[in-house]
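The values are calculated or read from the model by the stated rules, or taken from the named source; none is laboratory data. This one's a predicted model, so the numbers in the text were calculated from it and none came from an experiment. Every residue, glycine as well, gets a Cβ built from its backbone with ideal geometry; the counts of neighbours run over all protein chains shown.
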Amino acid sequence: MLAHSEQWCPNCQGYRLCERVGPNHVLHLLVSLVTAGAWLLVWLGVGIACQSRPWVCRTCGNFVEMGRFDVPPLAAVVIICSFLIICLCLVGILTRPYIPPPGHLPSSHTIPHLAR
Ligand SMILES: [Zn+2]
C-alpha cells in the first residue's frame, strides 16, 4: 500500500505530495488473527522496514528524503504492547499447574486405559 505525505522537494523547490510503499495493515491484522498473534513480529519488522524507505516526489519522481524514525509510530507501539501481553498470557497459561477440582480426582474407574 502507498503512504502519502507532503514533503519539501529540493528539485521542485516546494512542498509536494510524496509517496512511499507502506505495509498493508489490514492484511497483516488478518494474518495475525489467524496465526494467534505469531505474525505480529513479522508485521513489526515490515513496519520498521517501511519507515526507513525514502519518500518519492509525485511531481518529479525525485527521492525527497530518506525515511527515518522521527517518532515511533503508534502502530509499532500498539504491536509491541500486544505482543508482550500475548506472551505474558501464554507464559501464564503454560506454567499454570493443573489442579483438579474437588470430587473430580482421576481414578481407575474414570480412566479406561488404567482399569485392569
Ligand atoms: Zn519534486
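With respect to the numbered conditions (1) within 16 Å of the ligand (Cβ to nearest atom); (2) surrounded by 12 or more Cβ atoms within 10 Å (Cβ to Cβ), which one is the sole condition not fulfilled by Gln13?
(2)
Of the residues that make up the range 38-45, is at least one more than 16 Å from the ligand (Cβ to nearest atom), surrounded by fewer than 17 Cβ atoms within 10 Å (Cβ to Cβ) and over 11 Å from the mean Cα position of the chain (by Cα)?
Among the residues of the range 38-45, not one is more than 16 Å from the ligand (Cβ to nearest atom), surrounded by fewer than 17 Cβ atoms within 10 Å (Cβ to Cβ) and over 11 Å from the mean Cα position of the chain (by Cα), which makes the answer no.
Go through the chain and tell me which strands (runs of 3 or more DSSP E), entirely inside it, have 1 or more residues that are modelled with pLDDT under 85.
Details: elements: 2-9, 14-21, 55-57, 63-65.
Here the list reads 63-65.
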